[in-house]
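Notes follow once the structure below has been shown.
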Amino acid sequence: MHLRTRLLAAVTLVVVLAFGGLIFGFNLLLSSQLSDDANDVLKARAAAEVASLSRDGGRLVAPEAPDSAKLDSVTWVFNGRRALEAPRARGTTQRAALSLAEGPRRTLNVDSEDIRLYAVPVFAGRRRLGTVVSGVSLAPYERTQHLALVSSLILSAVLLVIVVFLARWMVTLALRPVAEMTSQAADWSEHDLDRRFTLGPPRDELTTLAATLDGLLARIGASLRHEQRFSAELSHELRTPLAKIRAEGELALKRRPAKGDYRDTVESMLRSADQISRTVDALVAVARQQASASRGTSDVSEVASAAAQACGDLAVRNQVALSVRTPSVPLRAAVDPDLLERVLVPVIENACRYGRSTAEVRIVARDSMVDFEISDDGPGATIVELEEIFEPGVRGSAAKSGQNGGGAGLGLALARRLARAAGGDIHARAETGGRFHVRVPSV
């Protein structure tokens, strides 16, 4: 069921209940008022009849009245149970009036005759002389009540139709901006993710919806950019080992190697293939980590040693002495080993590439985090570059100057994204030499 239909159904139900309550209350009040009016008429007639009576030796004497007045009067005068005056009425009414002759002051409805009787005792001192019973027909009052009920029902039906029509128009008018905003958001999600409603801070339902849709579009855009960055990083990480495998293979085909050269070439190609496999596994691991609330754990000393070993060839080529200082107390990180290694490798490679003679990995525990301090004696990063070097495709001044500037500038960006996906982060410090802090949660 559409929202507009549900709203109209709810409005109709509320209006029906409201009109029903009003009709019931109005007719109940009208019925009470008409009953009071009938009682007032009865009391007035009885009082007038009592005032017209005369007493003769302790007996009531009914007044002489014209025949026309007697025909119109619905009043009885009883002396005991003997009627001194009685109107023309049916037997049922006569018997009901007689039943009131010696009773107290009270009213009695004769439903079969649609008449109400009112009895008033007449006293002389403490002696009861008789009883006056007046009557009034309830038919006019019931006709008035019936007419009011029918009229109120007809009026309510007309008002209900008008209210439903107006409610339909107002609901349609109110939901039109919602439908337009939804359509625009759907179109922007397909063609222009940078568009926003920008209606300012939420003030009402529409601005709240606009803010929600803006947030949704922002998340969709971030997700798409994440996928694009993922593809770029994957391309960057796989490009170097693939190029190395291709170069080794072409070199092996062009020359007539000695028997041992084939083994070295194949071993190099296998190492590159292992690097590709580790890269793919790491990227898959971070994707799983972002999609799952559960995380694995790893021994930080073992992971740091493995990451340093993976960068060993680069350190040897650049004549950089790479060392790992492990903590005296075993530490564990709340990160999968493969993922943590892929976080450390680009940072250690950076130290081996730009360090002049030494590079070091030092592991310490700080609060609830494990801090990998990776330093080298190279030129380091300037204050301006502390954040820029973590942007995809951005390379520092040392790389731009041609000092061991291999790479596409995506390694540190990938490392920071992997670290943040694991609940940690990477920061660079502007000091003498290069210095990076890789922090991940500890167990």
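The values are calculated or read from the model by the stated rules, or taken from the named source; none is laboratory data. In this text the structure is predicted, and so the values were computed from the model without any measurement. Cβ atoms come from the backbone with ideal geometry, glycine included; neighbour counts cover every protein chain shown. All accessible areas refer to the heavy atoms of the entire protein, side chains included, with ligands and DNA or RNA removed. Shrake-Rupley method; radii C 1.70, N 1.55, O 1.52, S 1.80 Å.
Summing charges over neighbours of Q319, with a neighbour being any other residue whose Cβ is under 13 Å away from its Cβ, gives 0 when K and R count +1 and D and E count -1.
Provide the net charge surrounding G80, with neighbours chosen by a C-beta distance below 13 Å and charges set as Lys +1, Arg +1, Asp -1, Glu -1.
On the way: positive: R59, R81, R82, R127, R128; negative: E102.
Local net charge: +4.
Which order do K244, K43 take by accessible area at a 1.4 Å probe, largest first? Don't skip to the end; give the middle numbers.
On the way: K244 80, K43 105 Å².
Solvent-accessible surface, decreasing: K43, K244.
Computed on protein heavy atoms with a 1.4 Å probe, the accessible areas place T382, T240 in the order T240, T382, largest first. For region 93-176, the per residue solvent-accessible surface stands at 59 Å², with DNA, RNA and ligands left out and a 1.4 Å probe.
First compute the accessible area of region 133-211 with a 1.4 Å probe, then give the percent of it belonging to carbon and sulfur atoms. Whole-percent figure for carbon plus sulfur exposure: 68.
Surface listing: H437, H427, H146 arranged by accessible area from highest to lowest gives H146, H427, H437, probe 1.4 Å. Neighbours of V120 by Cβ distance under 13 Å: Lys/Arg scored +1, Asp/Glu scored -1, total +3.
The peptide list 351-357, 218-224, put in order of mean Cβ contacts within 10 Å with the highest first, becomes 351-357, 218-224.
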